[in-house]
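J.: Below is a structure I'd like to ask you about.
None of the figures in this text is laboratory data; all of them are computed from the coordinates on show. No experiment lies behind these values; they were computed from the predicted model shown. Because the Cβ atoms are built from the backbone with ideal geometry, glycine has one as well, and the counts that use them run over all protein chains shown.
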Amino acid sequence: MKNTLIALTSALACAGAAQAQSSVQFTGLMDAYAGSMRMAGDAGSKGVVGSGGMTTSWWGMKGQEDLGGGLKADFLLTSFLRVDTGEPGRFGGDPFFSRDANVGLSGGFGSLRLGRGIAPNFLPTISTNPFGDSFTISPLVLHANMGTGGWGSDNLTTPADTGWSNQIVYSTPSFGGLSANVHYQFGEQAGNSGKKNVGVNAMYSGGPLSLTAFYERAQISNPVSLALMPTKTDWMLGGSYNFVVAKLYATYGQAKVSDQDRKNSTYSLGLDLPVGAGSIKAAWAHTKAEVASSSTKRDTYSVGYDHFLSKRTDVYAVLMHDRVTDLKSGTSVIGGIRHRF
């Protein structure tokens, strides 16, 4: 009996140790808003209940296993969804796990990941504006990624979505607050094996100062068709400084299309002012889209307040004004709630 108890205790201890070395977590974020939306060039305002006012809603799983010797294996499997309708994806036809679907290894060398994940432009863009990754009311994100009736997709500065499929990503360790990511997306085009997307970004954080930069060269469209497209390049420099009483943001970047006399230039400014349990946020982005000798300009302004009810739940209200050359401007106002789990 004594030997049996010892064996059972040892087995339970080993099982506990093994369990402690591996973990799988169900996680996500729900964000919904209501209000009135009108972008520049729209015929009029429309009342909406929408998904992703401050952050695109998503859910999924992530896991990690400690392999010993400082080496770890992990995976990410996350999907976007539209809270207002219950539909999967950011839009119709979006891959089900379009946010993340990758597996990787990490250790003292940094990390190596394979599969679908964020593009080089994403982290630098969301970290250098006070509205983060909002595809609804962040001026910088809108100018980079969201076309409207009055602002065509050719004028966007991001060449191939904020996520890339079929990619390998190497991330360096942090060296005194400096880290970098190298992205390579295989085109997987029969007869055009040389067509691909490549990019790199770097981020520095030291005390109140944060700096970032990225460069992309894209020949494959994302996220649905993965079709060949004209070679597009884009880059951006940005940073922020936290004065405690206020945090300031600034960026500048350009995008070009090969075989076309096209250049889009964007700069932005932002402010985050802590007030009570939240902060007042203000941002402005300006883009000049040039084709040969003609040009079009877009200016978007947003101001709002984000109030945290807890560490996981906040409510927000934002006013946005959008203006494009020779088009009637548009004003939007929304209020929403965001919950993390």
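J.: Could you give each residue of the range 239-248 its phi-based ³J(HN,Hα) in whole Hz, using Karplus coefficients 6.51, -1.76, 1.60 with θ = phi - 60°, and x for Gly or Pro?
T.: x, 8, 9, 9, 8, 6, 6, 6, 10, 10
J.: Could you please report the charge total around residue 289, scoring K, R as +1 and D, E as -1 over all other residues with beta-carbon less than 14 angstrom from its beta-carbon?
T.: Around residue 289, the surrounding residues sum to +2.
J.: Tell me which label goes with the value of P(r) over Cα pairs in 20 Å bins from 0, in percent computed from the coordinates here: (1) 27, 57, 13, 3, 0; (2) 31, 59, 10, 0; (3) 31, 53, 15, 1.
T.: (1)
J.: Tell me the mean residue ellipticity at 222 nm calculated for the chain from its helices only (DSSP H runs of n ≥ 4, each -39500 (n - 2.57), averaged over every residue, nearest 500).
T.: The helix-only estimate for the chain comes to -3000 deg cm²/dmol at 222 nm.
J.: Take the alpha carbon atoms of the range 252-288, find their center, do the same for the range 34-51, and report the distance between the two centers in whole angstrom.
T.: 21 Å
J.: Count the net charge of all other residues whose Cβ sits under 13 Å from the Cβ of residue 304, scoring Lys and Arg as +1 and Asp and Glu as -1.
T.: -1
J.: What order do you get for 110-120, 157-167 when each peptide is scored by the mean count of other beta carbon atoms within 10 Å, highest first?
T.: 157-167, 110-120
J.: If you put +1 on each Lys and Arg Cβ and -1 on each Asp and Glu Cβ, how big is the dipole of the range 190-341 around its Cα centre, in Debye rounded to 20?
T.: 240 debye
J.: Using the charge dipole of the chain (Lys, Arg: +1 at Cβ; Asp, Glu: -1 at Cβ; taken about the Cα centre), state which of 305, 102, 265 has its Cα farthest towards the positive end.
T.: The listed residue farthest towards the positive side: 305.
J.: Residue by residue, what Karplus-based ³J(HN,Hα) values in Hz, rounded to whole numbers, does the range 148-159 have, using 6.51, -1.76 and 1.60 with θ = phi - 60° and x for Gly and Pro?
T.: Running phi through 6.51 cos²θ - 1.76 cosθ + 1.60 with θ = phi - 60° gives 10, x, x, 9, x, 5, 5, 8, 6, 8, 7, x Hz.
J.: Could you please report the charge total around residue 337, scoring K, R as +1 and D, E as -1 over all other residues with beta-carbon less than 15 angstrom from its beta-carbon?
T.: Value of the local net charge: 0.
J.: OK, next. Positive end of the charge dipole of the range 23-340 (Lys, Arg +1 and Asp, Glu -1 on Cβ, about the Cα centre): tell me which of 120, 336, 211 has its Cα farthest that way.
T.: The Cα lying farthest towards the positive end belongs to 211.
J.: Choose one of 35, 296, 22: the residue whose Cα lies farthest towards the positive end of the charge dipole of the chain (beta-carbon charges +1 Lys, Arg; -1 Asp, Glu; about the Cα centre).
T.: 22
J.: What relative contact order, as a whole-number percentage, does the range 23-340 give when Cα pairs under 8 Å and 6 or more residues apart are counted?
T.: Relative contact order, the range 23-340: 16 percent.
J.: Relative to the longest principal axis of the chain, what angle (0 to 90°, nearest 10) does the C-alpha long axis of helix 2-21 take?
T.: 10 degrees
J.: Size of the dipole of the chain about the Cα centre, Lys and Arg at +1 and Asp and Glu at -1 on the beta carbon, nothing else charged, in debye to 20?
T.: 220 debye
J.: Please turn the phi angles of the range 277-284 into ³J(HN,Hα) values with the Karplus equation 6.51 cos²θ - 1.76 cosθ + 1.60 (θ = phi - 60°), one per residue in order, whole Hz, x for glycine and proline.
T.: 8, x, 7, 7, 10, 9, 8, 9
J.: Mind putting a number on the dipole of the range 25-80 about its Cα centre? Charges go on the C-beta only, +1 for Lys and Arg and -1 for Asp and Glu, and I need it in Debye to the nearest 20.
T.: Around 240 debye, computed over the range 25-80.
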